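Notes for the one structure printed next.
Bear in mind these aren't lab numbers, they're just calculated from the coordinates by the rules spelled out. Everything numeric here is computed off the predicted structure, so don't read it as measured data. Ideal geometry is used to build each Cβ from the backbone, glycine not excepted, and the neighbour counts take in all protein chains shown.
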């Protein structure tokens, strides 16, 4: 660093000397609104001397008094300004109608004109992002950009998303985009949920490797560049906004509403074949609802003072359908966002302050999240020296229900999710009558009717998962303009995250009568006898440091413009976690690890990773219509072996604006702009297992097996995955071509891209024969190909004084294929299914990635008919699994529109995704409990499986006579609860296609004439908005939202009861500007 | 321009000097190399965990346990219609734990630590012979070569067995070397450490020894007993008869004898009533909170076993099974009319003593039964009747030990009364077929203790005459003779896995099953 400062000093001195001999005209180019106009070309009339303004509109040129400066550029009208006596000449120009002149923040924060770029980018402004008042920035991106797929994989007060640009390149590694906030790369995509969307000026997506190469290994999956607001010149502006939103339950699996519980499994059959009432049963295989008062549960004993049983009290409930799911999630969750911002600026600097308090209440009772953001951004210019800083602080507190307890509960991690407990409640249960578990005998854990499930209201009150995160992101950007064409910048950014998590679950001392299990049901009290209070604590600290020093060169020689850049990057990431777990605490309701009984579980881990890079970037522009861009990065990364540590990211792209190059096309009224582009690059992705950053993933470790240490006796066993010390990064070679066209004075813009990428040397953990002593071996093998087409059309359909109507359509078609896996290995399982369903999500050679593979009924290979048992009529499961389609959509269509009339603005976003399948895992649970819709389709009568055959006399014959022997669940051998839960998977796979109305908003800007009475309010906007209002999906999918996923990793494509139900959101907002 | 070049040069130099600070990839979280003692303790505890509850279907096939009437049955177990993935976990458990013995053997060889080499050979034979007894041909000579061979070939079962016998022979040499090592070379620290981490025969064990020479002798007895067991498994292989006798002569010649009463090879690292630290067998039945587990509720008494103990007036019945009222009761495996748990005995107090109970690897009563059989077959000199009666007594002693629910009781007296009852296959002198008596009583003693050995004995001798499953949909009216090769092996090493025909579990016998 000292060397660096010395160098800086030398450069400062030398350039001052140069300056003293020169006289300069400087100024700033702005538009009619006072906003800077970047990159305009300024020439001295009648000479070849010229310069161009920088990204902020500032320019500097040597000129004499009396000469005339001509300013021109794409998107502005040419204008002349005479040079006066003074040294400062600000220029105001008029913008032309165009979307192609916009400035794009590209890699490393470099602002460039869109026309120069030989690759696809897409920009989303603050307004587009926030039109539906999202709390989570990523959900505000849905449907707006081609090639960007944002999946809301789980819904709650702190939803999880998966953000993927142009599909999946790594079979087992990360495929989610890199987030860059104000120039600081953050490789944890979930960081996006911590940003206040109101603070964001733009989100720019660098879709492909070609655009992102210079960011290095972290950017192989594309980049979302988030730029926060900076103050604007002029009078200080204060805005205050408030948005309120109501979340309501929108979808849950279609359930049957005909049959109650009171019948079910096991040996409870009367000699005449009728089923004995089993009132504690969790299965809904009982009689048809008849509305009669019916005892629920077998009765709770009421005791005399001397301890003898006085009587049994029985809870009497009407035997009719009450829809427990809807009842439980009845109360809407209310979200409130309060925003305050302050913005100001002058010639020398800007200042922005933003504050947001976002409180999100879920539809699950008591689930809440609260996020508070404070942001301070500023800049200051001192002559040639410019300093910018941005400082963001946020804290987020989430408090959600933890797991319930079950028959084997020990730690807080054993139990079932709340949604499972609610959904599987028999339909006639008045679920909300069980809130008072403290004193109501039918609601407390002893007297609750269900022998095998927890009262969800107990879980709400007694099992909590609280996470507090504190994030700070600081960024300082110092730049020094050495001379007109050389600029030196140093940007240092630090993020720090502290996380505290505490999961607690109360204990239960079950009543002796419940432990005695009077029903002989094997109920929870008799199995557990005592539920110990339990807790889990984790604290986590993470720090990322990133420093870029960049020397930038920008000079025009005749018709050639050279923009060159050389930089050095240093980055370090560090994380430390300490966790403690107590499965049995001394006191119920007092959750401190020091009150643990026995030895607590404990763990500590630390990870550190560093990298150094140097990079070079050159753009040669010829006559404003041909641009050649070349870049390279050399990276040295600590997590790899020294021999594999260094790798390169070369890339190049070209952009040709033919409407400017071909004179006959200049100023054409119909085709106003046309550009073709092409690019190629190679990027590397380090994919080293599950450790953060891939650190320490080269040498096998010894780990204490379960139970160790026993007192003073230690023990270490070799881990079961055999690591590979010489593992290399995965290499992606990406190519893209495309064009941008503007029609009718750029009122219609069309942009298209085709990309193709091949990723080789995948890092895979090959499942190997356990006879090697290991179950997996890490190797570099396998290849995946991605290709896709992206089309974006934006049109201003109507533009009059009062009316504006804009429509945007974005479409992406995506295809990928696993070309190779390991030698001799054709498939690799990425994840399994819950609920006992066989198979899982796989990568399979020759097929798209990833695919669902699961079991089907045993079928006649000749005609595909299901083979049933000639006696029972039951089909059986073919143990050989089959492929049931890919889980990533192949076609995504997004439509955005915005209509303005006077002060009214109506906006909407809708999107379609299709071409993929989903495994609805929760179906098997619902079939087991008899809650599912299809389990009641045949009124629980015996039926002949359609299109079936059975074996008779050594050959298969059509089945017209053998009905399933048991349509309900008599004697615990029913068709639905036993046959449908025997590992069958195909019956739960449906198309994942959907149309969604993502966002709708209507705002009204109160006219100035009204506001003139209160002259301290400059602007007032009121609005209403809605999100996820409507979803259309194929009829076969009566399960859940197919965008949801168990997993926000690569193995997307299965949903279960581990996600919370999706919601529909309505809201209203008010924004005031002072 | 020169300045620009200098700037780039300085920058590049800075990068080069920085590469040193990239050497930060040493794992601070887990060690990457350790001494063999900690691997030994982990491996032995791992073996104990494997042996405690791997292949838990076997008690259901062998008349010991049965499924519960309360729960949905395991269809594969009770119909014998097993799939390849039926034993994936166990296959993996044994092989992956065994790599730790391979590590110890290698480090022991290179660092001159003969004890670790000896133990590795014994435990390798212990595990590999189990695999052969369950699957016949398995990977052996190519196994544990992960760096070079990820698709190991399958070796001939007989060849593996012969090699294991010679490994056990050579283990004696290493234990002898270890005696020299501990008396002449090793420091007292080494002696104490090795002693502590030997969780089978270390000085901290009631059946162990603090004196390294005594400890090595115990291991030699373990090796000899295991070798005898492997040889006896081949009792029906006519071509091996000479080999068996030659090898037994070698065992006799080394003079260390076999595991005697009270010297069971068992593991106890200091089991505690804490999740994961409790005895693995007990932990399957009771959570540390004292509550019963689904396993406890799932595996109940089988009528075959229950009736045997009742019919032979054997008090051990109340130790293998819990009492229901004043008696013990069982279901028949696979019976659709199985009674619910309240009517049926659970696994009993003689097996489930507590969280801290020892985990048997090779019991004294199994050793005595093996010796009794060897004597009876004329391969070993001695008194078969005494060995037989001592074996029964040792089993009584094991079961009664630590059980207080029945008040003060004397296992020796009960055993004496039992084996002098005058009943055939109980009382030696009243038994017309001595081998049948030995095998019957061995089966009766191994209930819930060593079901793989009981299955092996049943398959090679057909004793006792066990009923098949009561499942109406069972596949073939015969208890399976082997497991199928695990799916995990077919997936990863399919080309090498021997091809078995349909219903191979009834036909493709283990080599010693002739």
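Quick notes on this structure:
- Normalised by residue count, segment B:114-265 yields a Cα convex hull volume of 124 Å³ per residue.
- P(r) of segment A:872-1007 over all Cα-Cα pairs, binned every 10 Å from zero, in whole percent: 10, 25, 23, 16, 12, 8, 4, 1, 0
- Among A:515, A:503, A:593, a tally of other beta-carbon atoms within 10 Å of each Cβ gives an order, fewest to most, of A:593, A:515, A:503.
- Rg ratio for segment A:287-348: its Cα radius of gyration over 2.2 N^0.38 Å, N being its residue count, equals 2.62.
- Value of relative contact order over chain A, rounded to a whole percent, pairs C-alpha under 8 Å and six or more apart: 11
- Here is the tail figure for segment B:48-142: Cα pairs spaced more than 24 Å apart come to 36 percent of all pairs.
- Segment B:142-267: relative contact order as a whole-number percent, Cα under 8 Å and 6+ apart: 22
- In the protein assembly as shown, the convex hull through the Cα atoms has an average projected area of 65.6 nm², a quarter of its surface area.
- Once the chain from residue A:77 to residue A:1002 is taken as fully extended at 0.36 nm per residue, the excess over their C-alpha distance is 329.6 nm.
- Here the alpha carbons of segment A:401-504 define both size measures, Rg and Dmax, at 25.7, 83 Å.
- Degrees, to the nearest 10: B:114-135 long Cα axis against longest axis of chain B: 60
- 10 Å Cβ neighbours from other chains, averaged over peptide B:269-280: 5
- Cut-off 18 Å, label 7 Å out along Cα→Cβ of residue A:435, residues of segment A:398-423 by amide N: A:401, A:422
- Here segment B:464-498 is scanned for amide nitrogen atoms under 13 Å from the site 7 Å beyond the Cα of residue B:83 along Cα-to-Cβ, giving B:487-488.
- Size check on segment A:992-1074: the Cα extents along the three principal axes, sorted descending, read 57, 27, 18 Å.
- Rule-of-thumb Rg ratio for segment B:397-473 [Cα; 2.2 N^0.38 Å; N residues]: 1.31
- D (Stokes-Einstein, µm²/s), Kirkwood Cα radius, segment B:288-350, 0.692 mPa s at 37 °C: 275
- Between 0 and 90°, nearest 10: helix B:2-18 axis offset from chain B longest Cα axis: 30
- Cβ-Cβ FRET estimate between residue B:20 and residue A:559, R0 fixed at 51 Å, reported to 0.05: 0.65
- Relative exposure of A:710, A:303, judged by other C-beta atoms within 10 Å (fewest first): A:303, A:710
- Difference of contour (0.36 nm per residue) and Cα-Cα distance, residue A:602 to residue A:494: 35.9 nm
- Per-selection Rg to Rh, chain B - Cα, Kirkwood hydrodynamic radius: 1.04
- Computed over chain B: relative contact order in percent, which uses C-alpha pairs under 8 Å that are six or more apart: 20
- Its residue count N fixes a reference of 2.2 N^0.38 Å for segment B:72-126, and the Cα radius of gyration divided by that reference is 1.72.
- Distance between modelled label sites at residue A:309 and residue A:801, nm, 7 Å Cα→Cβ extension: 8.8
- Three-way shape label, segment A:806-954, alpha-carbon gyration tensor, a/c 1.5: oblate
- Using alpha-carbon coordinates, inclination of helix A:2-20 to the longest axis of chain A, degrees: 30
- Expected 222 nm ellipticity per residue - DSSP helices of 4 or more, -39500 (n - 2.57), all of chain A, to 500: -1500 deg cm²/dmol
- Note on chain A: antiparallel DSSP beta bridges, both residues inside, total approximately 95 percent of the bridges counted.
- Backbone N under 18 Å from the residue A:384 label point (7 Å along Cα→Cβ), restricted to segment A:537-560: A:550-556
- Shown is the FRET efficiency for residue A:690 and residue A:668, computed with R0 = 45 Å from the Cβ-Cβ distance and rounded to the nearest 0.05: 0.20.
- Per-q log10 I(q)/I(0), segment A:119-174, q = 0.14, 0.15, 0.16, 0.29 Å⁻¹ (Debye; single scatterer per alpha-carbon; no solvent): -0.44, -0.50, -0.56, -1.24
- Inter-probe distance in nm under a simple model that places probes 7 Å from Cα toward Cβ, at residue A:393 and residue B:33: 4.9
- Equivalent-ellipsoid semi-axes of segment A:672-807, from the Cα gyration tensor, Å, largest first: 54, 19, 11
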